[in-house]
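Novice: Sharing a structure below in structure tokens format, with a few things to ask.
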Amino acid sequence: MAVVNISYRLAPDPIYPAQIEDCLEALDWIRNHASKYNLDIERIGAMGYSAGAHLAAFVALLQTPAQRQRAGLTAPWVKKSYPAIKAVVAGGAPLDLTVYRRSPIVRRFLGRTYQEDPKLYERASPIFYITPNSPPFFLYHGKRDQLVEIEQMYKMETALKSAGIAVETHESRHGHVASFVFNRKAIQQSIDFLKRKLRV
């Protein structure tokens, strides 16, 4: 397996959807440099934690121009085609932002309050873009997570299963940061999941 560790611009300068566009640009870079680095663009997985998991899941689910337009991306990003993501690992992920109506973190990310633009909170939530063509997911979360509640994982699991998408979950005893730093079992399960789904 080859790993491409990407970066993205942080809110509030700029605000959403700039971070999604950065991830799409990374996908474009992978395609353009596939030959140089011997990458197979037919077997791409996305993996992230917390805000990175939100982006990994979101980019994987934005498979069509119509979905990207609905998400609020501008014309160049809507019209272009990108390599498909075939498997997703998302840890500690905020996947439904509509439940964070008073969160200062989400407000800085989106640039508006829920009261000002409730539809924006839905447009920026990966859970609302699931289709029967979505890739399989591995979700992991700490049950002591007080920043992103574990209900986010189970809500996403239900939505994926309702669409007929394969999904696996792992619950740990940790909080938000500890689940990322110390959860070796989840990381190993994530790698195993990607190997299976990407046929590595």
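The values are calculated or read from the model by the stated rules, or taken from the named source; none is laboratory data. None of the values given here were measured: they were computed from a predicted structure. A quick note on method: Cβ atoms are made from the backbone with ideal geometry, for glycine too, and the neighbour counts reach across all protein chains shown.
Novice: Select from the range 75-94 the residues that are part of a loop (DSSP other than H, G, I, E, B) and in contact (Cβ under 8 Å) with a residue 12 or more places away in the chain and list them in ascending order.
Specialist: Selection gives K80, Y82, P83, A84, G92, A93, P94.
Novice: Pairs, please: C-beta under 6 Å, at least 6 apart or cross-chain, first residue under 15 Å from I127 (Cα atoms) and in the range 160-178, second among the hydroxyl-bearing types (S, T, Y) and in a loop (DSSP other than H, G, I, E, B)?
Specialist: I165/S134
Novice: Can I ask one more? If you scan the range 1-60, which residues turn out to be more than 27 Å from L160 (Cβ to Cβ) and of a type in the set (D, E, K, R)?
Specialist: Passing the criteria: R9, D13, K36.
Novice: Which residue out of I41, I85, I105 is within 28 Å of K185 (Cβ to Cβ), at pLDDT 95 or above, of a type in the set (V, I, T) and surrounded by fewer than 18 Cβ atoms within 10 Å (Cβ to Cβ)?
Specialist: The conditions single out I105.
Novice: Can you tell me which residue is surrounded by the fewest Cβ atoms within 10 Å (Cβ to Cβ) among those in the range 110-127 that are within 19 Å of the chain's Cα centre (by Cα) and closer than 23 Å to Y154 by Cβ?
Specialist: E122
Novice: Applying the selection to the range 9-24, what residues are surrounded by 12 or more Cβ atoms within 10 Å (Cβ to Cβ) and either basic (K, R) or under 25 Å from F193 (Cα atoms) (or both)?
Specialist: Those that are surrounded by 12 or more Cβ atoms within 10 Å (Cβ to Cβ) and either basic (K, R) or under 25 Å from F193 (Cα atoms) (or both): I20, C23, L24.
Novice: Can I ask one more? Listed residues P136, P104; which is out of contact with any Leu (no Cβ under 7 Å at 6 or more places or on another chain) and under 30 Å from L39 (Cα atoms)?
Specialist: Answer to the check: P136.
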